[in-house]
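S.K.: Structure below; questions to follow.
The values are calculated or read from the model by the stated rules, or taken from the named source; none is laboratory data. Predicted, not measured: the structure shown is a model, and the values here were computed from it. Note that we place each Cβ from the backbone using ideal geometry, even for glycine, and neighbour counts take in every protein chain shown.
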Amino acid sequence: MNPSDTKTNQLQDFKINIKIKLSALWISVMFCYIYGDFFSLFVPGRIQGLVNGQSGAGPITPWVLLAYAVLLSIPPLMIVLSLVLKPEINRLSHIIFGIFFTIVMLLVVGTSIEKWMIFYCYLGVIEIIITSLIVYYAWLWPKEKSEINKK
């Protein structure tokens, strides 16, 4: 039997471009943010607090809402920027924002430990893992081989 005639049953794997990988990680973290905020509406007293102008971080004002909007506009922008930015600025922005959102979620999880927020802490841990992976993959951004190294 000719070795080239044998069939293998191995599944083919593809190398995923770093830009696509980072974009997918930002998409994943966005879903966790959205689900966490949605599920928090089911916590007893939460909606009444919002109606009374209180967020989990204090009184709601137009400026606080703007600050939340600015903060939460970064991850969706990173989904697109992951695909279109040049490698150097892309890598740097992922490291900076990945570290920033990891720290934010460490603080959020640390201040949310209570019975009704256990789901929020769980999602927060997942978010910390994802944003840490963003930093990790960005830090190890593949380098191009120079003509000298290709020989």
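S.K.: When the stretch 101-151 is examined, which residues are found to be under 11 Å from the mean Cα position of the chain (by Cα) and not small (Gly, Ala, Ser)?
M.R.: Residues of the stretch 101-151 that are under 11 Å from the mean Cα position of the chain (by Cα), as a first pass: 101-102, 105, 124, 126-135.
Within the stretch 101-151, Phe101, Thr102, Met105, Ile126, Glu127, Ile128, Ile129, Ile130, Thr131, Leu133, Ile134, Val135 meet the criteria.
S.K.: Assuming Lys21 fulfils every condition listed in (1) touching a residue at least 12 places away in the same chain (Cβ under 8 Å); (2) under 24 Å from Cys121 (Cα atoms) apart from one, which condition is it?
M.R.: So the condition that Lys21 fails would be (2).
S.K.: Next question, about the same structure. So which of Lys19, Lys15, Lys86 is touching a helix residue (DSSP H, G or I) at 6+ places or on another chain (Cβ under 7 Å) and under 20 Å from Tyr136 (Cα atoms)? Let's see the steps before the verdict.
M.R.: Values: Lys15 fails: touching a helix residue (DSSP H, G or I) at 6+ places or on another chain (Cβ under 7 Å); Lys86 fails: touching a helix residue (DSSP H, G or I) at 6+ places or on another chain (Cβ under 7 Å).
None of the others qualify; the one that does is Lys19.
S.K.: Suppose we filter the stretch 111-151 for residues that are surrounded by 12 or more Cβ atoms within 10 Å (Cβ to Cβ), part of a loop (DSSP other than H, G, I, E, B) and at pLDDT 95 or above; how many remain?
M.R.: Selection size over the stretch 111-151: 1.
S.K.: Quick test for you: out of Val135, Val104, pick the one residue that is touching a helix residue (DSSP H, G or I) at 6+ places or on another chain (Cβ under 7 Å) and without any contact (Cβ under 8 Å) to a residue 60 or more places away in the chain.
M.R.: Checking each option against the conditions leaves just Val135.
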